[in-house]
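Chemist: Got a structure for you, questions after.
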Amino acid sequence: AARGGILFIDEAYSLVEDNRTYGAEAINTIVQEMENYRDDMVVIFAGYPDRMEEFLQKNPGLRSRIAYHVPFADYSVEELCSIAALTAQKKGLHLDDRAQEKLAFVFETARRQADFGNGRYVRNILEKAKMAQATRLLTKDYESLTQEDITTLCAEDIEMPEIAAPARPRIGFSA
């Protein structure tokens, strides 16, 4: 179906985890199709860099058929805060100043986690904050709620991440 277009495989390494027979078979088929239709199809394999390296080692013909490797750095704390503010705005919400400060701290903490998911993390934290806000508003008198109460996420609505996974090693210097 990807002939004449693009086949995008996110978390491609999951095809080879736990020695799944069908995953290895799928990769062999994709490699063959990449060769047979190299002028008529683009295949994009995406995933975390360390796990993608393992993925490329699983099939000897795969690495030689991939012409470009494009690494994407994780978003900075500032970029994550901007994404959160824009996402909230699109949902008709506003982050008060203390919520924005807490989000910056949360993102700085979360970025050190081995399984940090970048933009997906922002979405998840905002969804949890909206649920926390709803629970918080349930304790208030319905008649006293304002439009601002309903559309504003506060610091207390933002959940702190659990620090369970070991920190990802950082290379270089940071301020």
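Chemist: Which far-off residues, 5 or more places away or on another chain, put their amide H under 5 Å from the one on residue 95, with H placed in the peptide plane?
Modeler: Result for residue 95 returns 153.
Chemist: Among 105, 154, 119, flag the residue with its Cα farthest along the positive direction of the charge dipole of segment 100-164, charges on Cβ as +1 for Lys/Arg and -1 for Asp/Glu.
Modeler: It is 119.
Chemist: Then there's this: So what J values fall out for segment 57-66 if you push phi through Karplus, 6.51 cos²θ - 1.76 cosθ + 1.60 with θ = phi - 60°, rounded to Hz, Gly and Pro as x?
Modeler: Per-residue couplings from phi come out as 7, 6, 10, x, x, 5, 4, 6, 8, 9 Hz.
Chemist: Also, quick follow-up: Using just the helices of the chain, give the 222 nm mean residue ellipticity in deg cm²/dmol: DSSP H runs with n ≥ 4 each add -39,500 (n - 2.57), and the total is spread over all residues, rounded to 500.
Modeler: Values: 7 runs with 83 residues, N = 175.
Value at 222 nm, helices only: -14500 deg cm²/dmol.
Chemist: Nearest 0.05, what FRET efficiency do residue 10 and residue 144 give at R0 = 45 Å with Cβ-Cβ as r?
Modeler: Working: r = 46 Å, r/R0 = 1.01.
Calculated transfer efficiency: 0.50.
Chemist: Still on this structure, please answer the following. Mind listing the phi-derived Karplus ³J(HN,Hα) values for segment 72-87, rounded to whole Hz, using 6.51, -1.76 and 1.60 with θ = phi - 60°, and x for any glycine or proline?
Modeler: Those phi angles translate into 10, 6, 4, 5, 6, 4, 4, 5, 5, 5, 5, 4, 5, 5, 5, 4 Hz.
Chemist: With a 1.4 Å probe and all protein chains left in place, how much of the accessible area of segment 1-82 comes from carbon and sulfur atoms, in whole percent? All intermediate terms of the calculation are to be shown ahead of the outcome.
Modeler: Working: 2990 of 5850 Å².
Its accessible area is 51 percent carbon and sulfur atoms.
Chemist: How tilted is helix 119-138 with respect to the longest principal axis of the chain? Cα atoms for both, answer in degrees (0 to 90, nearest 10).
Modeler: 30 degrees
Chemist: I would also like to ask the following. Taking 0.36 nm per residue of sequence separation and subtracting the Cα-Cα distance, how much length would be gained by fully extending the chain between residue 32 and residue 72, in nm to one decimal?
Modeler: Working: separation 40, 0.36 × 40 = 14.40 nm, distance 2.73 nm.
Extending this stretch completely gives an extra 11.7 nm.
Chemist: Return the long-range amide H neighbours of residue 7 (sequence gap of 5 or more, or a different chain), with a cut-off of under 5 Å between placed amide H atoms.
Modeler: Hits under the 5 Å cutoff: 42, 43, 44.
Chemist: A follow-up question, please. How big is the antiparallel share of DSSP beta bridges in the chain, given as a percent to the nearest 5? Please list the in-between numbers first.
Modeler: Numbers: 1 of 8 bridges.
Once the DSSP bridges in the chain are tallied, antiparallel ones form about 10 percent.
Chemist: Taking the full set of protein chains and a 1.4 angstrom probe, give the accessible area of residue 76 in square angstrom, rounded to the nearest 10.
Modeler: 30 Å²
Chemist: From Cα coordinates alone, what are the radius of gyration and Dmax values for the chain in angstrom?
Modeler: Final numbers for Rg and Dmax: 21.5, 67 Å.
Chemist: Oh, and also: Only Cα pairs under 8 Å and at least 6 apart count here; give the relative contact order of segment 1-159 as a rounded whole percent. Walk me through the numbers on the way to the answer.
Modeler: On the way: 143 pairs, mean separation 34.0, N = 159.
Once divided by the residue count of segment 1-159, the mean separation gives 21 percent.
Chemist: So how strong a dipole does the chain carry about its Cα centre when Lys and Arg Cβ are +1 and Asp and Glu Cβ are -1, to the nearest 20 debye? Present the calculation step by step, with values, prior to reporting the outcome.
Modeler: Working: 21 positive and 29 negative charges, 66 e Å.
Dipole of the chain, to the nearest 20 debye: 320 debye.
Chemist: Another question, then. Counting only residues 5 or more places away or on other chains, whose amide H sits under 5 Å from the amide H of residue 113 once H atoms are built in the peptide plane?
Modeler: Under 5 Å from the amide H of residue 113 lie the amide H atoms of 168, each far enough along the sequence or on another chain.
Chemist: Could you derive backbone 3J(HN,Hα) for segment 152-162 from the dihedral phi with the Karplus parameters 6.51, -1.76 and 1.60 (θ = phi - 60°), listing whole Hz in sequence and x where the residue is Gly or Pro?
Modeler: With the stated coefficients, segment 152-162 comes to 10, 8, 9, 4, 5, 7, 8, 8, 6, x, 7 Hz.
The values are calculated or read from the model by the stated rules, or taken from the named source; none is laboratory data. As the structure is a computational prediction, the values presented were derived from the model and not from experiment. Neighbour counts are summed over all protein chains in view; Cβ atoms, including those assigned to glycine, are modelled from backbone coordinates with ideal geometry. The area values use the complete protein model at the heavy-atom level, side chains included, leaving out ligands, DNA and RNA. Shrake-Rupley method; radii C 1.70, N 1.55, O 1.52, S 1.80 Å.
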